[in-house]
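The values are calculated or read from the model by the stated rules, or taken from the named source; none is laboratory data. Given the structure is predicted, the values throughout are model-derived calculations rather than measurements. Glycine also receives a Cβ, built like all others from the backbone with ideal geometry; neighbour counts cover every protein chain displayed.
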Amino acid sequence: MKIDEFSLGLILGILISDGHFGGDGKQAHITLRMHVRHARLLSWLLHLVPGSKLYGPYKHDGRNYLQWMARGEALRELAALLKKTTFEYLDPYSHERFVKMIEDYRLKC
């Protein structure tokens with residue numbers, strides 16, 4: 001996966017503000033839920049992170065959203081790129097969640 005610096009920085013910012021770093025008990029994933037008005041941005045993420053998926057739209061409790069998810073090889077490649085950024089210094093809290101996901105699921109990236 002090759003992502004230019006600007007795009008990687010934008011992805012990092014989005015994930016810091018709205019991303020979830022975790023898993024389902026079997027495999028790690030990064031998820032991002034956003035209102036359907038951000039469909040273009042989420043489609044761009046699909047293009048930049050091959051193998052990621054977009055689910056929805058979902059309507060729940062008055063919310064209308066899409067969910068982007070990276071698992072498997074897509075997640076390993078994205079995580080390897082995120083590890084090379086200033087993530088740790090920009091947002092230690094989110095970075096801790098990212099590292100915990102990698103450790104809990106023994107993600108090789």
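Worth pointing out:
- Here is the figure for the range 7-37: residues that are assigned to a helix (DSSP H, G or I), polar (S, T, N, Q) and within 16 Å of residue 101 (Cα to Cα) total 0.
- Per-region count, the range 92-106, residues in contact (Cβ under 8 Å) with a residue 12 or more places away in the chain and either part of a helix (DSSP H, G or I) or surrounded by fewer than 17 Cβ atoms within 10 Å (Cβ to Cβ) (or both): 7
- The residue that is surrounded by the fewest Cβ atoms within 10 Å (Cβ to Cβ), counting only those in the range 50-91 that are among the basic types (Lys, Arg) and under 12 Å from the mean Cα position of the chain (by Cα), is 53.
- Pairs with Cβ under 7 Å, 6+ apart, first in the range 50-75 and part of a helix (DSSP H, G or I), second hydroxyl-bearing (Ser, Thr, Tyr) and modelled with pLDDT of 95 or more: 74/52
- Among the conditions (1) free of Cβ contacts under 8 Å to residues at least 40 places away in the same chain; (2) over 15 Å from residue 109 (Cβ atoms); (3) among the aliphatic types (A, V, I, L, M), residue 16 misses just one, which is (1).
- Test: residue in the range 27-36 that is exposed (fewer than 13 other Cβ atoms within 10 Å of the Cβ) and without any contact (Cβ under 8 Å) to a residue 12 or more places away in the chain: no
- Scanning the range 60-106 for residues that are of a type in the set (Lys, Arg) and in contact with a helix residue (DSSP H, G or I) (Cβ under 9 Å, 6 or more places away or on another chain), we see that the one that is nearest to residue 30 (Cα to Cα) is 83.
- Residue 42 meets the conditions (1) touching a Leu at 6+ places or on another chain (Cβ under 6 Å); (2) modelled with pLDDT under 95 in every case but one. The failed one is (2).
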